[in-house]
Each structure stands twice: as structure tokens, then as C-alpha cells.
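Just below is one structure, and these are the notes that go with it.
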Amino acid sequence: MPIDLLADETPIDLLANIPSSRGTALAEEDWLPQWLGVANRALAPYVTAAGAGAVAGGVPTGGVGALPGAALGVTALGLTDLGTSLYNVGSPYFGYSRVPTGSEAIRDIYGSVGVGKAPKTTGQKVFSSALEGAVSGGAQAKALSEMARFATSPTTRNVLSTMSQQPVIQGVAGAGATVAPTVLNELGVTNPYALAASSLLGGFAAGKTGAGVAERAQRVADVGRIIKSGGTPSTSALKEKAQAAYAKAEDAGMIFNPTSYDDLVDDIGSTLKNVGFNEDLSPKTNAILKVLNKSRGNAQSLSDMDNLRKIASQVTKDIDPNERRLAHEVINKIDSFITDSPSANLISGDADVGVPAILAARDIWKKRSKSSTIEDLIDRAALSTEPSADALKTQFAVLARNKNRMSRFTEAEQRMINDVATGKSGSSILKFLSSFAPGTDVKGLVKGAVLFGPSALGGSPELAIGASALGAVGLGSKAARNTLAEMYAKNIAATMRRGDARLPIEANNKLLLSPSIQEMIQQMAQ
């Protein structure tokens, strides 16, 4: 039937008032008890499965197994629904009747004793579908996360952990995958393949939209956090802060006794041999050992230990990956010695003051160093004759290709650097429009000839006006593109100084498949 939107109606009003396939008007059932009953009915299977699993897992273990039991209960319900739906898809071809899924059976049991209410209007059906899909997608993701904690096999743990990522986005995708076919069904679409296709599209659309909303909300939260923390520190401020932290660590007066230091050197030597160290094949790591051995029998201050660490850190930048690997082993041992040493290893000093101070100093200095690296790229780009956006891309690409230097940065920081190096940080529209900007170099003069040549030859004022407008748009776009590129690069440096780089919130297509395909199968099984 045709549906008209009145002048004073919103799309939500329209959806809520679409007559249900059962012919019940919204006004007859638009009461709070009915809506609560619909919600209870939608949630009942998952609450029941989680509760039964928690009891089964918790009672024999004194409560320890309650959480993994609840996770297994939800997972078992999902697998039961999926298996039953697959059966229902194929059963008509063999002359068998459709059987209810686990969730449907649970809802029927509750309904027989008056618990829960079936949705009777389109609005209620959409609400019920969204709730079912969201809880199903999100709950299964959380259940897999809980199961990953108790998995003994590394492979199983990794698989479960991967499948449990982005539970909120999976929940949103589940809601979209169930709502889309519900709406189409209420509009008169009954083809199971069309409904199944709408589940896939609805799940992906909802998941992508949810991720976009979450990313924008996180950006707003980031800005608020930065303002609350006092803004971004300057490079010079970080230097002063690091020096103050180092001074505080030195003032703590930590002195490690010779015996404990000698034990550390022995431990480092044996650990390196166990991981494949050979003094002839890894001469720089061998040089580190020689430096460590020269200090045997002597008490070591916190500053002495930090200097030894700095020597080892130089080798982590070596072109030989084996040297880098071994140097990291040495650093890990030194760090553990400093942070985990018992008080018996100290001749004097306060470890409770010295250790946090030296760790803070290293962290601050690392932020300053990373920011300085980015600032150097910006300064070199400023000396180039290329447009700023292109010059920055060139400089960042040099850094991105250097695996040794890139290893200093976190995954999120590397993502930001690579975005500039590959040109993904700017606007493709501005890049296209800026290509029409004339210039004074050979390339720019050619563009000018192409733009204004036809009007000059033909004597057409209209062509001249159009060429001027296009050239102006090109020049403006070029300036905007360069400004945005400079701002983005400076923001990377600022992010390094704050140390709060994060990966953007993006929907994982593989994860969106799970709730979407489950609903597709259920639609085909109807």
C-alpha cells in the first residue's frame, strides 16, 4: 500500500505508524507495559543462556567458572540458532518441516507462562529486531572475549581474541542486519533472498555508520581531554621536564651492590646464548657485553645503569635485525633489574622514588625525540621548492621507508606517518582541483596556456571568464591543500609530544560478516 508522509510527520513517526502485517495500529498498543514486554521477549533467550551457563560453570567451581560459563552459554545459543537455521534452509528440499531455533523455543516457553509480549506494530517489530540483533552480535563478541582468557592453546586464544574485537560495532551491525529485513517485510517484501541480501547490506551499513559515529565522538572526547590536561607541551617544556625527572632519580641515591650487578651480567650472557648469540656473527652485541663486563665488581648508581642502557639502545637502531633483536634482550634485562630488584640489591637509596622517576624521564625523553624527528621533516619540507603538501609527502616517505627509524614509533604513530607518506592525509578533491592552478614554473605555464589559450585565440570573453574562475579555484584549492597538509604534520608532532596517538575507530569487514551472515541464514530459513 502507498505510504504518504504528512507535513507534520517525521520519518520516525512514519515508521512507527506503518500498519503491521497483522493489522494492529500503533495507538492500540502504544503503552509502556507492551514495550517492556517486547523488550523482555527479545532479551529472554540471551539472559536465559547466560544465566544457565553461569550456574553450570559457577556451582561446581565455587563461582570461579561463572563468567566463562555464561560466555559458553551465550555462544552455545548462537551456535544452536545457526545450526538450526542451516537445517531449516535445506529441510524443504528433503521434505522435512521447519523447526524452531533455540531462541524461538525459549521465547515460546516464556510466552506460554505470560512472560514477554510479541510485537504487534511495525515500530515494536523494528525495536524488537534491533534489540535482538544488537544483543546477539555484542553478547557473542563479549562471550568470545571471555572464552579467550581461558583458552590454553595460543592459536585458539588468538582466534577468539580476534573474533571478539569491536563488540559494540558488532552489536550495531547485528541490529542493522535484523532491522533491514524487518522493515522490508513490513513494507510487503517477502522474497527470502531479497530479505537475506538486505541483512548483509544492513549489517555492513550499520556497522560502518556506527564506527564513524564512534570515531567522531572519540575525537570530541580527545579534544576535551587535551584541554583538561593543559594542552600540548612544547619540545622545550618536555626537555625541562625530562631533566627534572632525571635529577629526581639521581637524588634518590640508588646504588646497586656489586654482587647483584655481577649476577645481572651473568644472566644477560646466558640469556643471549640461549637465543642464538654468537660473538663473531654479532660483534656489536658482543661489544655491549664487553662494556658490561668492564664494570664487574663495582657498585652501580641508577645513572650508571641508565648509561649502560643507552649504550645498548644504540644497537637497537642497527641495520642488522639480529643485532637489534639481541640488543633488545639486553635492554629488557637491564630494565627488569632496575624496576624489579629487591631492596637487598641496594647499598643505599630509595627505589620507590628513583625507579618511577627514571621511567618517567625515559618516557618524556622518548616523546621529545619522536616529536623532534617529525619537526625536522617539517623543517626540511619548508626548504623545498615543491608545494607544501608534496614536499611533506616526500619527507615523510623517506622516514616511512626506514624500518629502523619507524620501529621507534607505535602502530598508531606509524599509521599517521604512513598516511602523510602515501598522500592519504589530505583531501582528494582539493588535490584534483589544485591541479588547475597555473604557476610560474614550466608546468604552471603549460596549465596557464591550456586554460587561457582557447579564449585568447577565439577572442571569447566567456571562455576567458571561465578560465579565470577555474584558475582561481585551482589556486584556492592548492593553498587550502597545502595548509591542511601543514596542519596535519604539525598535529602529528603534537601527538608525539602528548603520547596519545591512537588508531582510528574503523569497522573490521571480517567482523561485520559474522552477525550479518547469521541473520542472512535466518532469513533464508523462514
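Going by the conditions given, is residue 229 loosely packed, with under 13 Cβ neighbours inside 10 Å, more than 30 Å from residue 150 (Cα to Cα) and in contact with a Lys or Arg (Cβ under 9 Å, 6 or more places away or on another chain)? Considered against the rule, which asks whether it is loosely packed, with under 13 Cβ neighbours inside 10 Å, more than 30 Å from residue 150 (Cα to Cα) and in contact with a Lys or Arg (Cβ under 9 Å, 6 or more places away or on another chain), residue 229 comes out as yes.
Name the helices (runs of 4 or more DSSP H) wholly inside segment 17-96 in which the number of residues that are modelled with pLDDT of 85 or more, within 30 Å of residue 517 (Cα to Cα) and among the small types (Gly, Ala, Ser) is 1 or more.
On the way: elements: 26-29, 32-58, 66-90.
Output list reads 32-58, 66-90.
With respect to the conditions (1) surrounded by fewer than 14 Cβ atoms within 10 Å (Cβ to Cβ); (2) among the small types (Gly, Ala, Ser); (3) under 28 Å from residue 293 (Cβ atoms), residue 382 lacks only one, and its number is (3). Screening residue 319 against (1) surrounded by 14 or more Cβ atoms within 10 Å (Cβ to Cβ); (2) touching a residue at least 60 places away in the same chain (Cβ under 8 Å) leaves a single unmet condition, (1). Can you tell me which residues in segment 500-510 are touching a helix residue (DSSP H, G or I) at 6+ places or on another chain (Cβ under 6 Å) and not small (Gly, Ala, Ser)? The answer is 502, 503, 504, 505, 506. Taking segment 173-285 as the region of interest, the helices (runs of 4 or more DSSP H) fully inside it that hold 1 or more residues being closer than 30 Å to residue 521 by Cα are 192-228. Taken over segment 363-379, the criterion of being free of Cβ contacts under 8 Å to residues at least 40 places away in the same chain and either among the small types (Gly, Ala, Ser) or surrounded by 19 or more Cβ atoms within 10 Å (Cβ to Cβ) (or both) is satisfied by 369 alone.
When you check residue 116 against the structure, is it modelled with pLDDT of 85 or more and touching a Phe, Trp or Tyr at 6+ places or on another chain (Cβ under 6 Å), yes or no? In short, yes.
I'd like to check something: does segment 329-341 contain any residue that is touching a Gly at 6+ places or on another chain (Cβ under 9 Å), touching a residue at least 40 places away in the same chain (Cβ under 8 Å) and of a type outside the set (Val, Ile, Thr)? Step through it out loud before you land on a result.
If we filter segment 329-341 for residues that are touching a Gly at 6+ places or on another chain (Cβ under 9 Å), which is where we start, we get 338.
Still in the running and touching a residue at least 40 places away in the same chain (Cβ under 8 Å): none.
No, segment 329-341 has no match at all.
The single condition among (1) surrounded by 14 or more Cβ atoms within 10 Å (Cβ to Cβ); (2) out of contact with any helix residue (DSSP H, G or I) (no Cβ under 6 Å at 6 or more places or on another chain); (3) within 20 Å of residue 517 (Cα to Cα) that residue 100 does not satisfy is (1).
Just to be sure, is residue 228 among the basic types (Lys, Arg) and touching a residue at least 24 places away in the same chain (Cβ under 8 Å)? When the stated conditions are applied, residue 228 does not pass them. Name the residue that is farthest from residue 313 (Cα to Cα), counting only residues in segment 385-398 that are buried (at least 20 other Cβ atoms within 10 Å of the Cβ) and either of a type in the set (S, T, N, Q) or touching a Ser or Thr at 6+ places or on another chain (Cβ under 7 Å) (or both). The extreme case among them is 388. Test each condition in (1) in contact with a Pro (Cβ under 8 Å, 6 or more places away or on another chain); (2) touching a residue at least 40 places away in the same chain (Cβ under 8 Å); (3) of a type outside the set (Gly, Ala, Ser) for residue 77 and report the one that comes out false. All conditions are met except number (2).
The values are calculated or read from the model by the stated rules, or taken from the named source; none is laboratory data. Everything quoted here is computed from the prediction, not taken from an experiment. No Cβ is skipped: glycine too gets one built from the backbone with ideal geometry, and neighbour counts run over all protein chains shown.
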